[in-house]
Each structure stands twice: as C-alpha cells, then as structure tokens.
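Undergrad: The structure that follows is given in the form of structure tokens.
The values are calculated or read from the model by the stated rules, or taken from the named source; none is laboratory data. It should be emphasised that the depicted structure is a prediction, and the values quoted were computed from it without experimental measurement. Cβ atoms come from the backbone with ideal geometry, glycine included; neighbour counts cover every protein chain shown. Ligands, DNA and RNA are excluded from the accessible area calculation, which covers all protein heavy atoms including side chains. Shrake-Rupley method; radii C 1.70, N 1.55, O 1.52, S 1.80 Å.
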Amino acid sequence: MKTEKESTKNAWIEKVLNSADHLTPLPVSSALTERLISIPNKIKTLSSELYVTRQRIWLAAASIALLIATSITVFQYKNSPNNDSGADIYDNYFSYLNQL
Amino acid sequence: MVSMEGDDKLVGALKLGDQQAFQTLVNLFSSKVFNLCFNFLKSTEEAEDATQEVFTIVFLSIKKFKGESKLSTWIYRISVNKCKEIIRNKSRKKRFGFSFPLEKAEGKQGATTFYHPGIELEDKERAAILYKAIDQLPDKQKTAFTLHKLEGVSYEEIAGIMETSLSSVESLIFRARQKLKSSLANYFSETED
C-alpha cells in the first residue's frame, strides 16, 4: 500500500517537473519590436539634447578647482599657528606709521 | 543561434553604429530575451520593459564587448542581471513599504498562482505548482534551473552566463532538482492529507 502511494507520489513529482517541457515561447508584440528597433534613434536624440560643449566642461572644472584652492588656502590660513590676530595687524600697521 | 563567425560580423557592424545590424540583433534575440524575462518576472509588461532595458544596455555597451564569450551568452548575462535587479528592487520596495497601497494590491496579486500562457492546458496546473516551487529555490539554483529547464540553454552556455564552471552548473541543477523533488513531495503529502 505504502509503496503504491510512494510510486504515485514519485510519478506525480516527475510529471510536475516535466510539465514545462513543452513550453511554447510567447510571441514578441509588434509594439515591443518597434520600441526595440527605435532604441538607436532615441539614444542619438537624447545624447544630442544633452550635448555639452568642451569649453563648458573646462569652465566648470576650472571653477571647481578654483573653489577648492580657495577653500584650502582659507583653511590653512585659519589653522596656521603663526597667523596674526586682527589686533596684531592693526598694531603692526600703526607702529609702522609712527616710525614714518 | 548565430555562429561565432556570424557574431564577429554582427558585432563589428554594431560597433560602427549600423542601424540595420541593430535590427538584425533585435530579430535574432528579442524573443529569447523577452521569454527569459517573462519566466523570471512573470508579467508581460515588466518583461517588455526589461527587454527594452536589456537592448538599450546592449546598444550602449557593445563597444566594450571583447568577444571572449558568444554574443548570445553576453546578452543572456545582461538579461539575467537585469531581471535580478528588478526583482531585488521590487522586494526592497516591499520591505521598506514604499508605495504602500499599490504594494498591498500587488501582494494579493502575487499570492495568486502564475499560469504561463505558453504551457499546454493539461499541464497548466502542474506547471503552476512547479513555478511556485522554483520561486523558493536559492538564487543561483533558480537561475541555473530556469535557464536550463524553461529556456533550454545548454550547461556550457549557463556556465558562461553565470561566469562559473561547468561542474558548478551541473551541481546547481542537480541540487535544484533535489530541492524541488523534496518540496513537491511535501506539497503532495499536504494535499493528500
């Protein structure tokens, strides 16, 4: 009895495992084919819309570099132990004038 | 499928931006890619969108294709990765509860059984059970089994697609079959009781 049930079970499992063997591929719709064929044109249009001149790229890069350089200079100046405070600068300036 | 020599000619023309060559590529591979995506994503709309994304990637990155594998293997690899990415994004959205009302509706739909339209009527119910069981397989086993069983891809090509060895593919498919047999046996016992 048990073996009969076991063999029914095994036969069923095999049937399930083989159930997708005769799978018919789905057809590709004409709308999808059109979408796929038009990919090169779409990309070309998009890239021409997004085209940025070389001059603009260099200008942007130079601006960023300038901004970074300024930030570094200010940062170094602020953290420098030797930098004079505002009052020192004024003192030095006036003592220089007095000497004159 | 195209031979390696045919591959070279086609790839050469594609690299030059030949539109006719791209149309040939679409004619050769659109059905394969679409059906592969459909088997992974189980939705016509999603499979169509994925197919479009795959061909866009192919068009944009054909210049990087070095011909180390067959063109079909390369396209299959892109397709499998795209499908996995879509599935990952979907599950991530679900996990974080984005677009909650829609996901709730989708969850209900996802719970329904998937009937592949390309399977004969007498096998439809059994195939639906098989699809459910395949979904429970670990990622690599699922990919290898789907490619081999549902797409009819050879072990050698699967090894190329998954960038692994032939013996690994054999082992993955063997383990997938064992796992499927075990879960189907459980299902059989549950429905019998």
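Undergrad: Taking the range B:167-182 only, how many residues are open to solvent by 40 Å² or more (accessible area, probe 1.4 Å) and within 12 Å of chain A (Cβ to nearest Cβ)?
TA: Number satisfying all stated conditions: 5.
Quick grid of which residues meet (1) hydrophobic (A, V, I, L, M, F, W, C); (2) facing chain B (nearest Cβ under 9 Å); (3) loosely packed, with under 15 Cβ neighbours inside 10 Å:
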site	(1), (2), (3)
A:LYS5	no, yes, yes
A:LYS9	no, yes, no
A:SER30	no, no, yes
A:SER48	no, no, yes
A:ALA60	yes, no, yes
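Rundown of residues vs (1) assigned to a loop (DSSP other than H, G, I, E, B); (2) over 34 Å from the mean Cα position of the chain (by Cα); (3) farther than 19 Å from B:ILE129 by Cα, yes/no style:
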| residue | (1), (2), (3) |
| --- | --- |
| A:THR3 | no, yes, yes |
| A:ASN10 | no, yes, no |
| A:VAL16 | no, yes, no |
| A:ALA31 | no, no, yes |
| A:LYS44 | no, no, yes |
| A:TRP58 | no, no, yes |
| A:ALA65 | no, no, yes |
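Undergrad: Consider B:ALA176 carefully, then state whether it is over 19 Å from the mean Cα position of the chain (by Cα) and within 19 Å of B:LEU137 (Cα to Cα).
TA: Details: over 19 Å from the mean Cα position of the chain (by Cα): no; within 19 Å of B:LEU137 (Cα to Cα): yes.
When the stated conditions are applied, B:ALA176 does not pass them.
Undergrad: Return yes when B:ASN39 is at the interface with chain A (Cβ under 9 Å from one of its Cβ atoms) and either on the phi < 0 side of the Ramachandran plot or assigned to a helix (DSSP H, G or I) (or both) and no when it is not. Lay out the reasoning, then the answer.
TA: On the way: at the interface with chain A (Cβ under 9 Å from one of its Cβ atoms): yes; either on the phi < 0 side of the Ramachandran plot or assigned to a helix (DSSP H, G or I) (or both): yes.
The answer is yes for B:ASN39.
Undergrad: Free of Cβ contacts under 8 Å to residues at least 40 places away in the same chain, in a helix (DSSP H, G or I) and under 25 Å from B:LYS149 (Cβ atoms) - does that describe any residue in the range B:59-73?
TA: No: the range B:59-73 contains no residue that is free of Cβ contacts under 8 Å to residues at least 40 places away in the same chain, in a helix (DSSP H, G or I) and under 25 Å from B:LYS149 (Cβ atoms).
Undergrad: Against the condition open to solvent by less than 70 Å² (accessible area, probe 1.4 Å) and charged (D, E, K, R), how does B:GLU85 come out, does it pass?
TA: No, not satisfied.
Undergrad: Same structure again: Would you be able to say whether some residue in the range B:74-82 is modelled with pLDDT of 95 or more, under 27 Å from A:PRO25 (Cα atoms) and charged (D, E, K, R)?
TA: yes
Undergrad: Same structure, new question: Which count do you get for residues in the range B:42-59 that are open to solvent by 10 Å² or more (accessible area, probe 1.4 Å) and within 13 Å of B:LYS82 (Cβ to Cβ)? Steps first, please.
TA: Initial filter on the range B:42-59 (open to solvent by 10 Å² or more (accessible area, probe 1.4 Å)): B:42-46, B:48-49, B:52-53, B:56-57, B:59.
Still in the running and within 13 Å of B:LYS82 (Cβ to Cβ): B:46, B:48-49, B:52-53, B:56-57.
The qualifying residues number 7.
Undergrad: State whether the residues of the range B:5-19 include one that is assigned to a helix (DSSP H, G or I), open to solvent by 10 Å² or more (accessible area, probe 1.4 Å) and farther than 25 Å from A:LYS44 by Cα.
TA: yes
Undergrad: Got at least one residue in the range B:88-103 being modelled with pLDDT of 90 or more and either surrounded by fewer than 19 Cβ atoms within 10 Å (Cβ to Cβ) or closer than 21 Å to A:ILE37 by Cβ (or both)?
TA: Quick first cut of the range B:88-103, residues modelled with pLDDT of 90 or more only: B:88-89.
Those left that are additionally either surrounded by fewer than 19 Cβ atoms within 10 Å (Cβ to Cβ) or closer than 21 Å to A:ILE37 by Cβ (or both): B:88-89.
Yes, because at least one residue in the range B:88-103 is modelled with pLDDT of 90 or more and either surrounded by fewer than 19 Cβ atoms within 10 Å (Cβ to Cβ) or closer than 21 Å to A:ILE37 by Cβ (or both).
Undergrad: Which residue is surrounded by the most Cβ atoms within 10 Å (Cβ to Cβ), if the candidates are limited to the range B:129-166 and must be part of a loop (DSSP other than H, G, I, E, B) and within 10 Å of another protein chain (Cβ to nearest Cβ)? Before the answer, list the steps.
TA: First pass over the range B:129-166, keeping only residues part of a loop (DSSP other than H, G, I, E, B): B:136-138, B:151-154, B:163-165.
Then drop every residue that is not within 10 Å of another protein chain (Cβ to nearest Cβ), which leaves B:151-152.
Numbers: B:GLU151: 18, B:GLY152: 12.
Residue satisfying both the conditions and the ranking: B:GLU151.
Undergrad: Would you confirm, using the coordinates I've provided, whether B:ALA47 is under 25 Å from A:ALA31 (Cβ atoms), within 11 Å of chain A (Cβ to nearest Cβ) and either part of a loop (DSSP other than H, G, I, E, B) or more than 24 Å from the chain's Cα centre (by Cα) (or both)? Step through it out loud before you land on a result.
TA: Values: under 25 Å from A:ALA31 (Cβ atoms): yes; within 11 Å of chain A (Cβ to nearest Cβ): yes; either part of a loop (DSSP other than H, G, I, E, B) or more than 24 Å from the chain's Cα centre (by Cα) (or both): no.
No.
Undergrad: Test B:SER31 against the criterion of being more than 14 Å from chain A (Cβ to nearest Cβ), polar (S, T, N, Q) and open to solvent by 20 Å² or more (accessible area, probe 1.4 Å), and give yes or no.
TA: Numbers: more than 14 Å from chain A (Cβ to nearest Cβ): no; polar (S, T, N, Q): yes; open to solvent by 20 Å² or more (accessible area, probe 1.4 Å): yes.
Answer is no for this residue.
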